[in-house]
Amino acid sequence: MAVPRTDVLHDFVCISNRLPVDRVLDADGVPEWRTSPGGLVTAMEPVMRENGGVWLGWPGVPDETFDPFTEGGIDLVPVTLSAQDIEEFYEGFSNDTIWPLYHDVIASPAYHREWWISYQRVNQRFAETAAAIAAPEATVWVHDYQLQLVPRILRSLRPDLTIGFFNHIPFPAYGLFSQLPWRKQIINGVLGADVIGFQRPADAGNFQRSVRRLMGYETKSARIMEPQSDGTFRQILAKSFPISIDSAGFEELARRPDVQARAAEIRQQLGEHKTIMLGVDRLDYTKGIRHRLKAFSELLCEGRLTVENATLVQVASPSRERVETYRLLRDEIELTVGRLNGDYGTIADTAVHYLHHGYPREEMAALYLAADIMLVTALRDGMNLVAKEYVATRFDRRGVLILSEFAGASDELKQALLVNPHDIEGLKDTVMQAVTMSVSEQERRMRYLRKRVALHDVARWSRSFLSALDEFPALRQPAPTDPEDVQRYE
Ligand code: G6P
């Protein structure tokens with residue numbers, strides 16, 4: 001296992017299951033570091049570049065040990081996962097138990113005791129590594145559902161630390177969460193943090209309800225009162241901090257002449273006169289890719305759209321490919337795309353351009369610029385940063401965002417065309433509304449959306465979370481009696 005530098009202690013430590021870069025082999029078989037998939041990395045990368053500190057996580061390959069290194073200006077400390085850890089902790093408990101459970105059981109969660117044992121073991125390893133490299137009274141920010149036990153273990157190893165936890169995915173209603181055989185241990189693990197962040201107020205509410213029902217603790221608005229052995233209460237703040245992107249960075253990218261030239265090239269290759277619809281997702285059953293394809297295929301079948309006047313580009317980046325549910329989903333999507341293209345495509349026109357790859361940010365920005373309609377039809381999604389990336393890129397104020405009301409982003413992006421993706425007729429009508437939307441209406445909506453995304457960027461998100469954590473020593477004291485003090489955190 002990698003031995004982190006214990007000679008260098010850090011005042012700020014970020015921990016997530018994945019490092020922002022994965023170890024991969026390039027076309028010639030030479031190993032290199034490549035940007036990791038997912039919203040967590042998109043959001044935290046600019047934060048870490050700006051704030052400094054060290055990022056601790058898994059480098060994406062089994063059994064390989066790497067010394068700490070710096071990549072893209074960020075100090076990284078790799079944590080080794082064995083092939084067995086990957087199978088039981090990562091693919092098993094994290095992505096076949098917690099992920100489906102927290103996404104409203106869209107797929108059935110599997111409960112296996114050996115996966116739980118592995119989850120505890122790996123969380124212990126992450127916590128011990130962080131404890132070894134954190135300076136006295138450092139701040140440690142733990143991320144996401146793979147590491148819910150880390151805050152409590154870390155608190156017991158290093159009571160001097162200030163600990164934050166942010167859950168990037170939804171937190172389910174108690175009626176679902178209570179299925180989990182280890183529900184109390186998970187809640188107790190998270191409660192080791194001083195400040196606990198969620199995407200939506202509803203997620204924070206669900207968490208608090210679970211705390212009350214399972215632990216019997218009192219909650220006062222955003223504060224949770226954890227009884228201590230000496231009769232006092234430790235206070236924990238649990239509230240929503242909606243995550244975002246580096247909006248200015250995306251706009252800058254979109255304004256680059258090479259990116260605009262690439263966007264023009266994409267448009268020209270797909271057909272200048274066509275309505276270009278775009279979906280960009282990890283290939284995950286939470287994203288509603290099937291629903292989107294169903295709506296598109298019915299529109300073609302009914303002749304409301306034709307392959308001569310519309311095309312759908314679906315980027316589906318490979319994800320968790322050894323987990324059975326993901327394997328089945330891939331087969332289903334690829335069968336559907338094949339049928340659709342077979343039924344409606346012509347020599348000249350393809351109905352769906354299906355791309356099973358991840359792409360660099362430049363290419364994504366060009367695709368966003370080329371697309372008339374962005375389809376985000378998630379059945380459940382913590383936030384969905386693709387929606388915000390599309391908006392940030394469209395400095396020309398053109399384009400229409402269709403956004404699922406089950407994605408956290410819909411709390412903020414109200415001028416998008418909001419849809420219930422389960423309602424296929426409604427989704428079809430919304431697609432047609434987007435296809436026929438006037439330029440002035442597009443601009444009116446985009447102006448509002450862009451203002452929101454520019455103002456509420458990722459720097460603001462991290463500032464608000466970290467300043468809550470910073471102010472926390474006040475909360476560590478016994479419960480405040482001064483009403484003003486109480487109100488500050490409500
Ligand atoms: C989501 C999760 C992240 C995860 C990412 C990619 O964004 O919130 O924690 O890293 O998906 O998934 P993966 O399983 O490839 O890490």
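Which of the residues that make up region 21-37 are within 10 Å of the ligand (Cβ to nearest atom) and crowded, with 21+ Cβ neighbours inside 10 Å? Ser36 - this is the single residue of region 21-37 that is within 10 Å of the ligand (Cβ to nearest atom) and crowded, with 21+ Cβ neighbours inside 10 Å. Scanning region 99-112 for residues that are within 14 Å of the ligand (Cβ to nearest atom) and either within 17 Å of Met383 (Cβ to Cβ) or in the same structural domain as Arg327 (by TED's automatic domain parsing) (or both) gives Trp99, Tyr102, His103. For region 52-59, the condition of being in contact with a His (Cβ under 7 Å, 6 or more places away or on another chain), assigned to a loop (DSSP other than H, G, I, E, B) and in the same structural domain as Ala135 (by TED's automatic domain parsing) holds for at least one residue. In region 335-356, the count of residues that are under 24 Å from the mean Cα position of the chain (by Cα), more than 16 Å from the ligand (Cβ to nearest atom) and modelled with pLDDT of 95 or more is one or more. For region 192-211, residues that are more than 9 Å from Lys239 (Cα to Cα), crowded, with 20+ Cβ neighbours inside 10 Å and touching a helix residue (DSSP H, G or I) at 6+ places or on another chain (Cβ under 7 Å) total 6. Selection over region 128-177 of residues that are buried (at least 24 other Cβ atoms within 10 Å of the Cβ), within 15 Å of the ligand (Cβ to nearest atom) and in a helix (DSSP H, G or I) gives a count of 3.
Within region 338-352, being open to solvent by less than 60 Å² (accessible area, probe 1.4 Å) and touching a helix residue (DSSP H, G or I) at 6+ places or on another chain (Cβ under 7 Å) holds for Leu340, Thr350, Ala351, Val352.
For region 255-276, a residue qualifies if it is under 28 Å from the mean Cα position of the chain (by Cα) and among the β-branched types (Val, Ile, Thr), and the qualifying residues are Val259, Ile266, Ile276. Restricting the first member to region 311-322 and to residues that are at positive phi, and the second to residues that are open to solvent by 10 Å² or more (accessible area, probe 1.4 Å), the beta-carbon pairs closer than 9 Å and six or more apart or on different chains are Arg320/Tyr90; Arg320/Glu91; Arg320/Asp96; Arg320/Trp99; Arg320/Arg282. The residues of region 72-91 that are out of contact with any Ser or Thr (no Cβ under 7 Å at 6 or more places or on another chain) and within 12 Å of the ligand (Cβ to nearest atom), listed by number, are Leu81, Ile86, Tyr90, Glu91.
The values are calculated or read from the model by the stated rules, or taken from the named source; none is laboratory data. Computed from a prediction, not measured in an experiment: that's the story for all the values here. Heads up, the Cβs are rebuilt from the backbone with ideal geometry, glycines too, and the neighbour counts pull from every protein chain shown. Just the protein is used for accessible areas: all its heavy atoms, side chains included, with ligands, DNA and RNA removed. Shrake-Rupley method; radii C 1.70, N 1.55, O 1.52, S 1.80 Å.
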